[in-house]
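Trainee: Take this structure, written in structure tokens, and hold onto it; I'll ask about it next.
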Amino acid sequence: MSEKDKEQKQGKNISRRSFIKGVGTGTVAATVAPAILVGDEKAAEAQTDEAVASAKIQLNINEEVTEIEVEARTTLLSVLRDGIDTTGNNVDLTGAKLICDKGECGGCTVLVDGKPVYACMMLAMDAQGKQITTVEGIANGDDLHPVQEAFIKHDALMCGFCTPGFVVSSVALLNENNKPTIAEIKEGLSGNTCRCGTYPFIFDAVETASQEM
Amino acid sequence: MDKFSYVNATSLKQVTSLLSDSGWGEVMLIAGGTDLLSELKEYIETPKTLINLKTLPEMEGISSDAAGIKIGALTTIADIAMHPTIQHHYTVLAQAATSVATPQIRNVGTIGGNLCQRPRCWYYRDETVNCIKKGGDLCYAVDGLSKYHAILGGDPVYIVHPSDIAPALIALNASMKITGPEGEKTMKVEEFFTLPSDNPFRENVLQPNEIVVEIQIPNTKPNTKSLYLKAREKGAPDFALASVAGVFEMAGRTCQSANIVLGGVAPKPWRSTEAENVLTGKMVDKAVSMKAGEEAVQKARPLNDNEYKVTLTQNLISRAVMMAVS
């Protein structure tokens, strides 16, 4: 792991400056749990630790840097759907869906460093320094991704609410394994649920996409 | 989720010092967060501070040496499932890792978090229910709905330990390195887990100011066969109704030694010495494998809704043994 990677891992994005600024906006009450401020040594350590209740962070979403102030409890999914960045614009990436909000349905699947994850089960703070790709970042402008084309061709959706999650998971699967067997397709998509039951069409779509990628 | 503050770990020393004196629940650790966030969202835990361990890269990664393999506590379940050495020499662990949850969870969830995850009991996970685990007087599974609860080792709390990884590690005779304010210690993964009769509130012996840092697995012998069998309600990803982690040293069809650890049936990963004793030194055939299954569930005490787990566990053991010799 390079020094730069390590720096990113160590979350240098929460700088002392942004932390103090965060406090200044009045959104922060407690910064450090009082229970850990016992004794001089611990107090000194706690100051350098910079425990933050909120912070201005930078997220790399669909190859663009978004700066946003978030509470520590904010999930990545909340930022994508409901976040307002520091310039006052809505992030407005509503492709990832808020459905179960507990990491069971897959509707909020996004890619983090190329791997599918549930955006509802990841804190925004934890997504710093990572490449986040949502379903909005899958197509190349107006050119749909082969997975998206195949979903249309096979009519691989009914109500369509789960579709963004399935598309993202399918893209992740094919990036890892461009000629999956049916069993591998099922396993790769096992973290996504379709209540309309369009699974056979989804599996066909992924198979078709795999032939075109 | 309630509000909390978030701090990046800078060293193990800093983490243990932030943890000390806080007791349980005030300051908590976050690695993958897939179990923790579900608890925070349901208000089962309401910490004041989360310490982010992912800023300690020395706690991540898989390495081998002459003694065996070491897995940093921050290593993801996906990385364990895909690791060639683990797939070849510690098959039971690779299979257990592959059976955990979904691709999305395995990409984020860590081995340390998997061992320290909290039970999935629907009474425990309901913020309005004050069961024994949360300081109340009753385990509601006893007279309530108990389909997914314990058949072994339950009294007085009938949760089951949800980990797939833990039975595999115990069957492989793994140890774990734990760091606390007094420094490092190593213990068997088997000794890490406790029964509710010893401590109804926690599932393991980890103290509030300690961290699981690393898992160490000794080499397996060339004649080792290992496997993980997991029964789920449907084909879909889920926690185990019952599972068997089996590590067998075989000489032809003779079983020289057997480690059999069950998941999903007890409040901790359940080592079945009864089944192991049946198998050790025996020529394994169908009858012996079935006898091992029968002995393993002799002490089972099912609740109202989970008698099916007795038969299921028995057959799962028998099947695992037969697969090991085939």
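Trainee: Return the residues of region B:288-299 that are crowded, with 20+ Cβ neighbours inside 10 Å and under 14 Å from B:LEU262 (Cα atoms); say none if nothing qualifies.
Mentor: Within region B:288-299, B:ALA292, B:GLY293, B:ALA296, B:VAL297 meet the criteria.
Trainee: Another question, if that's okay. Only one of B:ALA73, B:ALA96 is away from chain A (no Cβ under 11 Å), touching a Pro at 6+ places or on another chain (Cβ under 8 Å), of a type outside the set (Ser, Thr, Tyr) and surrounded by 19 or more Cβ atoms within 10 Å (Cβ to Cβ); which? Give the steps one after another, and end with the answer.
Mentor: On the way: B:ALA73 fails: touching a Pro at 6+ places or on another chain (Cβ under 8 Å).
Result: B:ALA96 is the single residue among B:ALA73, B:ALA96 that is away from chain A (no Cβ under 11 Å), touching a Pro at 6+ places or on another chain (Cβ under 8 Å), of a type outside the set (Ser, Thr, Tyr) and surrounded by 19 or more Cβ atoms within 10 Å (Cβ to Cβ).
Trainee: Condition first: surrounded by 24 or more Cβ atoms within 10 Å (Cβ to Cβ) and in contact with a Pro (Cβ under 8 Å, 6 or more places away or on another chain). Now tell me which residues in region B:151-168 satisfy that.
Mentor: Result: B:ILE151, B:GLY154, B:VAL157, B:TYR158, B:ILE159, B:VAL160, B:HIS161, B:SER163, B:ALA166, B:PRO167.
Trainee: Of all residues in region B:28-47, which are more than 16 Å from B:VAL212 (Cβ to Cβ), facing chain A (nearest Cβ under 9 Å) and not in a loop (DSSP other than H, G, I, E, B)?
Mentor: Matches in region B:28-47: B:LEU37, B:SER38, B:LEU40, B:LYS41.
Trainee: So which strands (runs of 3 or more DSSP E) are wholly in region B:173-224 and hold at least 2 residues that are β-branched (Val, Ile, Thr) and at pLDDT 95 or above? Lay out the reasoning, then the answer.
Mentor: Working: elements: B:175-180, B:183-188, B:211-218.
Strands (runs of 3 or more DSSP E) meeting the threshold: B:175-180, B:211-218.
Trainee: Right, here's the next one. Taking into account only those residues within region B:48-69 that are touching a Gly at 6+ places or on another chain (Cβ under 8 Å) and part of a strand (DSSP E or B), which is farthest from the other protein chains (Cβ to nearest Cβ)?
Mentor: B:ILE62
Trainee: What's the total number of residues in region A:113-167 that are closer than 30 Å to B:LYS3 by Cβ, among the charged types (D, E, K, R) and touching a residue at least 40 places away in the same chain (Cβ under 8 Å)?
Mentor: Selection size over region A:113-167: 4.
The values are calculated or read from the model by the stated rules, or taken from the named source; none is laboratory data. Model, not experiment: these values are computed from the prediction. We place every Cβ from the backbone using ideal geometry, glycine too, and count neighbours over all the protein chains shown.
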